[in-house]
Amino acid sequence: MNNNEFVNQNIKPLNTKINSKGNLEISGCDLVELAQEFKTPLYVMDKNTLLKMAQDYKKAFSPYPKTKMLFASKALMTGAIAKILNEVGFGFDVVSIGEIYTLLNAGISLNNTSFNGNNKSIEELEFALDNNIDHISVDNFYELKILNKIAKDKNKIQRIHLRITPGIECHTHEYIQTGQLDSKFGFDLSMMDEAITLILNEYKNLNLVGLHAHIGSQIFETKVYDDEAKIVLEEIKRIKDKFNIELSEINLGGGLGITYTKEDNPPSVYEIAQVLINSINSNCERLNLEKPVLYIEPGRSLVCSAGVSLYTIGSEKNIEGIRKYIAVDGGMADNPRPSMYQAQYCAEIANAKKENKPEIVTVAGKFCESGDILIKDIELNSPKSGDILCVYDTGAYCYSMSSNYNRVLKSAMVLIENGKGKLIVKRQTLEQLVQNDVI
Ligand code: LLP
């Protein structure tokens, strides 16, 4: 499963192997011991794998020195993860006051942070400006108006990008397409003249410096990135010719896919970087534009492969001739992706097994819905109650999308560093679960 040099092309984190006890280990840390110490369900992040992907991003984009990397923190926002990425030079794409607050709480300033979203509240925008956010990616006319007023009241000139809908359709799950024309996000190109006229003539507290686009998530194609850069740069050229201003920044979003199962074939970050850089260089030359600052904002590809989830197997139900279900102690509350997007995952039994008896089973969660199935028809080595199941590639959009459905407590998260597991998110307690109830 792991024979690729590039993190996002592997199913497992780097340095995943069976140790001398016969248990699965990651970077020298025994997963069964982690499950015993921190209980299950447990999110586990491997720092080595995370740092390798972060370094690959930096190396891949190094031929374009004007690149700024932002982590799309919606994929996984915790103070510890933010701190690690901040230390290696990443800024952040945030979409809520909660994400901003988490950064500030971890001691991270907003001087390399972009605030996205199609319906930011006045409170959120005020909080962002009070904390000197680098720029806001403005999504619509309403936001232009309220943001200008907020900036004016605070006596500030706020740097902004305009989020545009470039009209590119990606062949990915329909719920996570954001670049197509019928999208709730951003200005259609036909709205741009009106937006820019308003900014130049009326909204004097906004300083338009760039354009922002994002074309989807879990993308396997490279050509779409070439098209995206071309469309954004052609729009910059059009704006230059019409309004006599040359925008100096572009943000081309995130979206690079990862390998959840062996059917997935994402390009490496080096391939994506090359396509984007070539496209920017050739289009700038063709259109006679200065090379802009390039922002990219990967989420999934940066963190997903570094994460696994550990569960304990409990009950089973065997429907003779039809299907055998094994149930784990988590499910759709800690990983809603299979039930929301029919997402597929690979998994293995993490504890040593005496015999080798592969069996096809369906891994069910513990939540009160028939749709709470984590993995359909997977081959596991004689799964039995008490076994620890390791589900791969849960580093992105699992913890960040988790819920308290069925009043189940949110799971803890551990970071593997120097061969040891260190708690980075505590397990929720029953007291915390009811602390906001007013009776
Ligand atoms: N930038 C913007 C403006 C975005 O909307 C997103 C993701 C990203 C960057 C990061 O995209 P990534 O590199 O992670 O593909 N919950 C879904 C994914 C939703 C993605 C939303 N936007 C899932 O679990 O598959």
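Please treat every number below as a calculation from the coordinates, not as lab data. Computed from a prediction, not measured in an experiment: that's the story for all the values here. Every residue, glycine as well, gets a Cβ built from its backbone with ideal geometry; the counts of neighbours run over all protein chains shown.
Tell me which trypsin sites (Lys or Arg not before Pro) from the stretch 255-311 have a DSSP coil assignment and no more than 12 other beta carbons within 10 Å of their own.
Those satisfying the criteria are K262.
Roughly how many nanometres apart are two label points built 7 Å out from the Cα toward the Cβ at S282 and K384?
Result for the modelled spin labels: 6.0 nm.
Quick one: net charge around D227, please, counting Lys, Arg +1 and Asp, Glu -1 for every other residue with C-beta under 13 Å from its C-beta.
Value of the local net charge: -4.
Before rounding to the nearest 500, sum -39500 (n - 2.57) across all DSSP H runs of length at least 4 in the chain and divide by the residue total; then give [θ] at 222 nm in deg cm²/dmol.
Value at 222 nm, helices only: -8500 deg cm²/dmol.
Counting each pair of different Cα atoms once, what's the Kirkwood radius of the stretch 116-298 in Å, rounded to one decimal?
17.1 Å
Counting Lys and Arg as +1 and Asp and Glu as -1, each charge on the Cβ, what is the dipole of the chain about the Cα centre in debye, to the nearest 20?
My answer is approximately 800 debye.
Can you tell me the length gained on complete extension of the stretch L189 to D130, counting 0.36 nm per residue apart and subtracting the Cα distance?
18.1 nm
Using a cut-off of 12 Å between beta-carbons, work out the net charge of the residues near T362 (Lys and Arg +1, Asp and Glu -1, T362 not included).
For residues surrounding T362, the net value is -1.
How tilted is helix 269-287 with respect to the longest principal axis of the chain? Cα atoms for both, answer in degrees (0 to 90, nearest 10).
Here the helix axis deviates by roughly 10 degrees.
For T16, list long-range residues whose amide hydrogen, built 1.01 Å from N in the peptide plane, is under 5 Å from its own amide hydrogen.
Result for T16 returns S27.
Quick one: if the Förster radius is 35 Å, what FRET efficiency do S20 and N436 give, using the C-beta to C-beta distance and rounding to 0.05?
The computed FRET efficiency comes out at 0.15.
Between K242 and E271, how high is the FRET efficiency from 1/(1 + (r/R0)^6) when r is the Cβ-Cβ distance and R₀ = 35 Å? Nearest 0.05.
0.50
Provide the packing ranking of 145-155, 87-97, i.e. peptides ordered by the mean count of other C-beta atoms within 10 Å per residue, highest first.
Peptide ranking by packing, descending: 87-97, 145-155.
Under 20 Å between alpha carbons, and skipping anything fewer than 8 positions from K68 in its own chain: which aspartates and glutamates qualify?
Reachable aspartates and glutamates: D56, E87, D93, E99, D134, D226, E228, E246, E249, E271, E290, E297.
Mind listing the phi-derived Karplus ³J(HN,Hα) values for the stretch 345-356, rounded to whole Hz, using 6.51, -1.76 and 1.60 with θ = phi - 60°, and x for any glycine or proline?
Per residue, the Karplus-derived 3J(HN,Hα) values read 9, 9, 8, 8, 6, 8, 8, 4, 10, 6, 9, 10 Hz.
In the stretch 1-64, which GluC sites (Glu not before Pro) are in a loop and have at most 11 other Cβ atoms within 10 Å, using DSSP for the loop call?
Passing sites in the stretch 1-64 are E5.
Let me check the size of the chain from its C-alpha atoms; what are the radius of gyration and Dmax in Å?
Taking only Cα atoms of the chain, I get Rg and Dmax of 23.0, 75 Å.
Angle check, please: helix 192-201 long axis (alpha carbons) against the longest principal axis of the chain (alpha carbons), in degrees 0 to 90, nearest 10.
For 192-201 against the chain, the angle is about 60 degrees.
By how many degrees, 0 to 90 and rounded to 10, does the Cα axis of helix 47-60 deviate from the longest principal axis of the chain?
Once rounded, one gets 30 degrees.
Distance check, please: which entries in K52/K240; K21/K410; K204/K242; K354/K426; K47/K410 exceed 28 angstrom between their Cα atoms?
Table pairs above 28 Å Cα-Cα are K52/K240; K21/K410; K354/K426.
Can you give the FRET efficiency for N356 and K420, using 1/(1 + (r/R0)^6), R0 = 35 Å, r = Cβ-Cβ distance, to the nearest 0.05?
Computed FRET efficiency for N356 and K420 comes out at 0.70.
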